[in-house]
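Trainee: For reference, the structure I am asking about is given below.
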Amino acid sequence: MTSTLARTSAGIEPAARPSSDRWRLAAGLGAVGFVVSVAGSWIPSFWGDEAASVMSAERSLPTLIDMLKNIDAVHGVYYLFLHFWIQVFGASELSVRLPSAIAVGFVVAGTFVLGRMLLSRNAGIVAAVICTVLPRTSYLGADARSYASSTAIAVWVTILFLILLRHRFGSVVSRRLAWAGYAVGLAVGIYVFLYLGLLLVVHGAFLLSSRAGRDHLKEWAPAAGVAVVMALPIVLLGYAQREQIAFLAHRGYATAQSVVVAQWFGNPFLAAAGWLLLGVAAVAAIGAWRRSPGNPPPVLLALLWVVLPTLALLGLNAATPAYNLRYVSFCVPAVALSLAAGIDAVRPRSARIALLLLLLVLAAPTDVLQRGPYAKDAGSDLAQASAILGRQARPGDAVVFDETTAPRQRPRLALHLYPDDFRGLRDVTLKTPYQARGRLWDTTYPVADVTARLAPADRVWLVEITGSPDNVRGSALGALESEGFEVVSTRMAHRTIVYELDRRS
């Protein structure tokens, strides 16, 4: 190996430090990352994507498999895991988000290990601290989706990748087994989240950046090929079900605001400081490369990891809907590493400390907001709306939900996420429950078609989203009034309106 890859290994702590001490520090930083992520994770109400996770996981295994044949196959591994998790630990906000917080602990620990390998021990600590407080990390740790788990896989597969570049093994067989482990790890990561396959682009570009790296292509390329072949079933299923993300074309996610601010940083002040430090890291890397043209700096791996997946998705998005800022969450460790490299390039030490503190201060407001009760999906309040029904409704009352919004925004989801608050109420518009379909959601009848079901009811609760077409036109409310009901009270949760209607005497 030439000095670039040698330096990748030389950045580890001095040989005098026992290996157990190094791993204890990684474990300790990971534990801090977990504690920060799990703190307050139970406060925000569930939102639509989490509803898809919970409702899918609560299906029986046969109906879950049937559903995955039609939709959300790319999340199938996560849903299967969550199916068994919920059976043991229940489906509260804390319970279903806990695996994500645990995964963030592994992300933070892995970020330290990568920082120690690519930069130095102290820079690795800085990178782990930054990773812990980045708003995107905070979001991952309190979200019942697969993004935190796939990010943890990305970190540790990359660690294995660097070890394979640095170390000689005792035999050809052991080295081939290690590359096979790399292939399996990548394939598993792609099954957990499809776009993790973009990590192959990052690793390949890093190898091509130096002569020593190109010498490893003959080992890496077959391993990458095996990973792709093993992941081919989920890739083909994802392509066949690509219409499920067609809505991205109408959301306008691929904006400068999303990429520059929301994707990593969450607020413009942290984004300004973050991009400045990323620029410093890039300039320092270019300077080191110029001084040693054949040996690009090891931090180039992190910089490529920051840039290439986003560019790939934005390029693909120009042809077909593909970009969502959550889809590049697995790049969070690279952002933290690059910011740490930017801080590490600054002199003197007091300035480095001040910059780290500045990042912590700028990140804190967004981290706190992301633990508020309405932090999800621009104000999801399913828990609060459910609580109104739980306190006020009586057994035998009918309940009607606004069905005019996008499925992931419908207040009907509250019925499945917080069932205790709806116990004893009659869901009069239900046509086919989601468990009996090979799709994600229930199907329903219009209110005008359920006259017979409404007949026994003296009280009806109508749950609508503010600003929805139904709310604007008043069609559901009008249909209930035409059936002899009148509004006796209106309660606001946050963005959800709960109408109480009694039958006229």
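The values are calculated or read from the model by the stated rules, or taken from the named source; none is laboratory data. All of these numbers come straight from a predicted model, not from anything done at the bench. Cβ: placed from backbone, ideal geometry, glycine included. Neighbour counts: every protein chain shown. When the accessible area is computed, the model is the full protein with side chains, heavy atoms only, and any ligands, DNA or RNA have been set aside. Shrake-Rupley method; radii C 1.70, N 1.55, O 1.52, S 1.80 Å.
Trainee: With (1) at pLDDT 95 or above; (2) over 21 Å from the mean Cα position of the chain (by Cα); (3) within 26 Å of Leu140 (Cα to Cα) as the list, and Gly372 as the residue in question, which single condition is left unmet?
Mentor: (2)
Trainee: Next question, about the same structure. Of the residues that make up region 161-180, is at least one closer than 30 Å to Ala51 by Cβ and either in contact with a Lys or Arg (Cβ under 9 Å, 6 or more places away or on another chain) or of a type in the set (A, V, I, L, M, F, W, C) (or both)? Walk me through how you get there before you give the answer.
Mentor: Taking region 161-180 as the starting set, the residues that turn out to be closer than 30 Å to Ala51 by Cβ are none.
No: zero hits.
Trainee: Hey, another quick one. Name every residue in region 130-149 that is within 21 Å of Ala285 (Cβ to Cβ) and part of a helix (DSSP H, G or I), in order of residue number.
Mentor: Those that are within 21 Å of Ala285 (Cβ to Cβ) and part of a helix (DSSP H, G or I): Ile130, Cys131.
Trainee: Pick from Leu236, Leu276, Leu217, Leu232: which is under 30 Å from Gly294 (Cβ atoms) and free of Cβ contacts under 8 Å to residues at least 24 places away in the same chain?
Mentor: Among Leu236, Leu276, Leu217, Leu232, only Leu217 is under 30 Å from Gly294 (Cβ atoms) and free of Cβ contacts under 8 Å to residues at least 24 places away in the same chain.
Trainee: Scan region 297-352 for residues that are more than 20 Å from Gln257 (Cα to Cα) and basic (Lys, Arg) and jot them down.
Mentor: Residues satisfying the conditions are Arg347, Arg349, Arg352.
Trainee: Still on this structure, please answer the following. For residues that are modelled with pLDDT of 85 or more and open to solvent by 40 Å² or more (accessible area, probe 1.4 Å), scanning just region 467-490, find the one that is nearest to Ala385 (Cα to Cα).
Mentor: So the residue we want is Thr490.
Trainee: Search region 180-195 for residues being among the aromatic types (Phe, Trp, Tyr) and within 19 Å of the chain's Cα centre (by Cα), and hand back the single one that is most open to solvent (accessible area, probe 1.4 Å).
Mentor: Residue satisfying both the conditions and the ranking: Tyr191.
Trainee: In this structure, does Leu198 turn out to be out of contact with any Phe, Trp or Tyr (no Cβ under 6 Å at 6 or more places or on another chain) and touching a residue at least 40 places away in the same chain (Cβ under 8 Å)?
Mentor: Spelling it out, Leu198 is indeed out of contact with any Phe, Trp or Tyr (no Cβ under 6 Å at 6 or more places or on another chain) and touching a residue at least 40 places away in the same chain (Cβ under 8 Å).
Trainee: Something else now. Give the residues of region 153-169 that are at pLDDT 95 or above and in contact with a His (Cβ under 7 Å, 6 or more places away or on another chain), sorted by residue number.
Mentor: Passing the criteria: only Phe161.
Trainee: Which of the residues belonging to region 289-312 are in contact with a helix residue (DSSP H, G or I) (Cβ under 8 Å, 6 or more places away or on another chain) and not in a helix (DSSP H, G or I)?
Mentor: Passing the criteria: Ser292, Gly294, Asn295, Pro296, Pro297, Pro298, Val299.
Trainee: So, one more: Need pairs with beta-carbon distance below 8 Å; first residue open to solvent by 40 Å² or more (accessible area, probe 1.4 Å) and within region 308-320, second assigned to a helix (DSSP H, G or I) and among the charged types (D, E, K, R); sequence gap 6+ or separate chains.
Mentor: As it stands, the answer is Thr320/Arg242, since those pairs meet every condition given.
Trainee: Go through region 355-466 and tell me which helices (runs of 4 or more DSSP H), entirely inside it, have 3 or more residues that are open to solvent by less than 20 Å² (accessible area, probe 1.4 Å).
Mentor: Passing ranges, in order: 382-392, 413-417.
Trainee: Got at least one residue in region 112-133 being closer than 25 Å to Asp377 by Cβ and surrounded by fewer than 24 Cβ atoms within 10 Å (Cβ to Cβ)?
Mentor: We begin by selecting, within region 112-133, every residue closer than 25 Å to Asp377 by Cβ; these are 131-133.
If we keep only those that are surrounded by fewer than 24 Cβ atoms within 10 Å (Cβ to Cβ) too, we end up with 133.
Checked against the condition, which is being closer than 25 Å to Asp377 by Cβ and surrounded by fewer than 24 Cβ atoms within 10 Å (Cβ to Cβ), region 112-133 yields at least one hit.
Trainee: Please find, among Asp402, Asp397, Asp381, the residue that is in contact (Cβ under 8 Å) with a residue 60 or more places away in the chain and in contact with a His (Cβ under 6 Å, 6 or more places away or on another chain).
Mentor: The unique qualifying residue is Asp381.
Trainee: Same structure, new question: Kindly indicate whether Val202 is open to solvent by 50 Å² or more (accessible area, probe 1.4 Å), out of contact with any Lys or Arg (no Cβ under 8 Å at 6 or more places or on another chain), of a type in the set (Val, Ile, Thr) and under 19 Å from Phe161 (Cα atoms).
Mentor: Details: open to solvent by 50 Å² or more (accessible area, probe 1.4 Å): no; out of contact with any Lys or Arg (no Cβ under 8 Å at 6 or more places or on another chain): yes; of a type in the set (Val, Ile, Thr): yes; under 19 Å from Phe161 (Cα atoms): yes.
For Val202, the condition - open to solvent by 50 Å² or more (accessible area, probe 1.4 Å), out of contact with any Lys or Arg (no Cβ under 8 Å at 6 or more places or on another chain), of a type in the set (Val, Ile, Thr) and under 19 Å from Phe161 (Cα atoms) - is not met.
Trainee: May I ask you to say which residue of Ala27, Ala15 is surrounded by fewer than 16 Cβ atoms within 10 Å (Cβ to Cβ) and at pLDDT 50 or above?
Mentor: Ala27
Trainee: Another question, then. Check Ala436 against each of (1) out of contact with any Gly (no Cβ under 7 Å at 6 or more places or on another chain); (2) under 13 Å from Val498 (Cβ atoms) and name the one condition it does not meet.
Mentor: Result: Ala436 fails condition (2) only.
Trainee: Could you list, in sequence order, the residues of region 53-89 that are open to solvent by 70 Å² or more (accessible area, probe 1.4 Å) and under 16 Å from His416 (Cα atoms)?
Mentor: Glu58, Gln87
Trainee: I would also like to ask the following. Pairs under 8 Å by beta carbon, first residue assigned to a loop (DSSP other than H, G, I, E, B) in region 84-104, partner β-branched (Val, Ile, Thr) and open to solvent by less than 70 Å² (accessible area, probe 1.4 Å), six or more apart or different chains?
Mentor: Filtered contacts from region 84-104: Ala91/Val54.
Trainee: Scanning region 30-52 for residues that are hydrophobic (A, V, I, L, M, F, W, C) and assigned to a loop (DSSP other than H, G, I, E, B), which turns out surrounded by the most Cβ atoms within 10 Å (Cβ to Cβ)?
Mentor: Phe46
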